[in-house]
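J.: Can you read through this structure? Questions will come right after.
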Amino acid sequence: MIVRFGYAWVFITSIFKNNMMKRESYKLNSVYSFCISINFIFILSLSCSEPESLVLDNDWDSENPDYIPPQVNIIYTEPAIDDQGFIYDNNITLAWEGNAQDMQYRYRSNNSAWTPWDSVKIINLDFLDEGEFEFIVQGKYLSGAVVENPDTLNFKVNAVEGPALIFYPRREFVEQNEIVNFQILGEEVVNLMSAEISLSFDPSSLQVESINQGDFFQSGQESIFSYDINYNEGTIVILTSIINNDSPSVFGTGEFFNIDFKLIQPTITEVTFINDCIFRDPDNNNINILEKINGLVVLE
């Protein structure tokens with residue numbers, strides 16, 4: 001339509017020029033009026049032409065008939081999760097992919113808070129504790145549209161071979177002067193009657209607030225529990241034993257005791273098992289402890 005009226009304008013202007021050459025006596029005000037009229041007609045014709053139809057070609061616009069909602073899928077794990085849902089390491093690398101370029105992602109694990117949105121699509125999770133684990137990742141377009149159904153991966157960590165001694169959790173993040181709590185667990189023990197557990201810590205960084213017996217030797221049995229703290233050497237020695245003849249031993253995994261430390265220096269510090277930890281059966285025979293997993297305190 002615009003092209004058609006353009007040609008008309010050229011044609012009318014040509015006629016007007018010829019008339020001007022033949023009729024030199026034409027009044028100036030008539031010329032001006034004629035030009036104004038022609039311009040008005042031309043502009044009016046443009047404004048009355050049909051508008052071009054609106055094309056919805058923004059892939060992120062939910063009104064677009066070809067719109068695809070954001071999606072994200074976990075595509076890789078290392079180590080691989082076996083058919084029973086286990087990994088046998090306390091570290092795992094996870095990778096995921098969205099259905100569009102320039103998406104952002106966030107994730108969380110075991111009901112922790114969501115991480116901030118960013119473009120990262122691969123992470124390594126370390127210091128994983130024994131037991132069940134859930135990882136959830138969510139994506140969104142830059143337009144703000146968020147994945148309605150985040151991808152979820154469930155697996156179980158079995159990185160420790162028992163009989164073993166374990167700090168749970170393996171690692172804790174705290175601020176200075178905050179309290180950190182560790183449970184000391186016996187993992188996959190067999191016919192265990194008593195335990196002598198020795199710990200080493202840095203008394204310039206950590207202050208012992210409390211030590212309390214766990215339920216491993218208290219579930220229907222009579223037991224004894226005692227401890228000694230030496231701040232000069234930075235050691236803690238715990239003695240605990242079942243004294244019930246009807247049920248003289250325990251099997252499986254359970255909590256020997258829990259301990260509260262206060263982080264008194266802004267530092268990273270470790271609480272470790274000393275080598276002379278001992279497990280004994282009802283016949284007073286030593287039980288070999290295959291692994292000892294220490295506890296790490298990290299300044300947040």
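Matching residues to (1) more than 30 Å from residue 167 (Cα to Cα); (2) modelled with pLDDT under 95:
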site: 64; (1), (2): yes, yes
site: 89; (1), (2): no, no
site: 97; (1), (2): yes, no
site: 104; (1), (2): yes, no
site: 111; (1), (2): no, yes
site: 126; (1), (2): no, no
site: 129; (1), (2): no, no
site: 133; (1), (2): no, no
site: 146; (1), (2): yes, no
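J.: Could you give every pair whose Cβ atoms fall below 6 Å, whose first residue belongs to the range 200-223 and is without any contact (Cβ under 8 Å) to a residue 40 or more places away in the chain, and whose second residue is exposed (fewer than 15 other Cβ atoms within 10 Å of the Cβ) and among the small types (Gly, Ala, Ser), counting only separations of at least 6 or pairs across chains?
T.: 221/247
J.: Keeping to the range 212-228, report how many residues are buried (at least 16 other Cβ atoms within 10 Å of the Cβ), hydrophobic (A, V, I, L, M, F, W, C) and in a strand (DSSP E or B).
T.: Residues that pass the stated criteria total 1.
The values are calculated or read from the model by the stated rules, or taken from the named source; none is laboratory data. Keep in mind that this is a model prediction, so the values were computed, not measured. Counting neighbours? That spans all protein chains shown, and the Cβs are built from the backbone with ideal geometry, glycine included.
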